[in-house]
1. Hey, can you tell me all the residues within region 16-37 that are open to solvent by less than 80 Å² (accessible area, probe 1.4 Å) and under 9 Å from the mean Cα position of the chain (by Cα)?
2. Give me the residue from region 16-47 that is over 12 Å from ILE4 (Cβ atoms) and of a type in the set (A, V, I, L, M, F, W, C) and, out of that set, farthest from ligand 1 (Cβ to nearest atom).
3. Is there a residue being near ligand 2 (Cβ under 6 Å from one of its atoms), at pLDDT 95 or above and either touching a strand residue (DSSP E or B) at 6+ places or on another chain (Cβ under 6 Å) or not in a strand (DSSP E or B) (or both) anywhere in region 16-29?
4. For residues that are within 7 Å of ligand 1 (Cβ to nearest atom) and either over 10 Å from the mean Cα position of the chain (by Cα) or hydrophobic (A, V, I, L, M, F, W, C) (or both), tally how many sit in region 1-15.
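The values are calculated or read from the model by the stated rules, or taken from the named source; none is laboratory data. Just so it is clear, the structure is predicted and the values come from calculations on it, not from any experiment. Virtual Cβ from ideal backbone geometry, glycine too; neighbours counted across all protein chains shown. Calculation scope for accessible area: heavy atoms of the full protein, side chains included, ligands and nucleic acids excluded. Shrake-Rupley method; radii C 1.70, N 1.55, O 1.52, S 1.80 Å.
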Amino acid sequence: MSYIISDACISCGACEPECPVGSIKEEAGKYVIDAETCLDCGACQGVCPVEAPQPE
Ligand code: SF4
Ligand code: SF4
């Protein structure tokens with residue numbers, strides 16, 4: 001299980017420093033979650049202004 005950032009993402013970057021395991025990275029202007037390391041904690045969704053991170 002992991003979270004996935006949907007197309008609703010506005011690339012604000014707020015979620016990246018909130019992830020306790022560094023799973024969120026910016027790639028070519030888009031933010032993505034590494035499914036291999038994501039702990040499914042939901043912290044990223046909690047700080048996202050548009051609730052783009054959603055459970056898979
Ligand atoms: Fe990181 Fe938690 Fe979001 Fe997974 S759910 S990307 S572990 S903040
Ligand atoms: Fe995208 Fe939300 Fe993360 Fe901002 S906090 S980069 S809108 S997923």
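1. Once the filter is applied, which keeps residues that are open to solvent by less than 80 Å² (accessible area, probe 1.4 Å) and under 9 Å from the mean Cα position of the chain (by Cα), region 16-37 yields GLU16, CYS19, SER23, ILE24, TYR31, VAL32, ILE33, ASP34.
2. Here the residue is ALA28.
3. No, region 16-29 contains no residue that is near ligand 2 (Cβ under 6 Å from one of its atoms), at pLDDT 95 or above and either touching a strand residue (DSSP E or B) at 6+ places or on another chain (Cβ under 6 Å) or not in a strand (DSSP E or B) (or both).
4. Adding up the residues that qualify gives 1.
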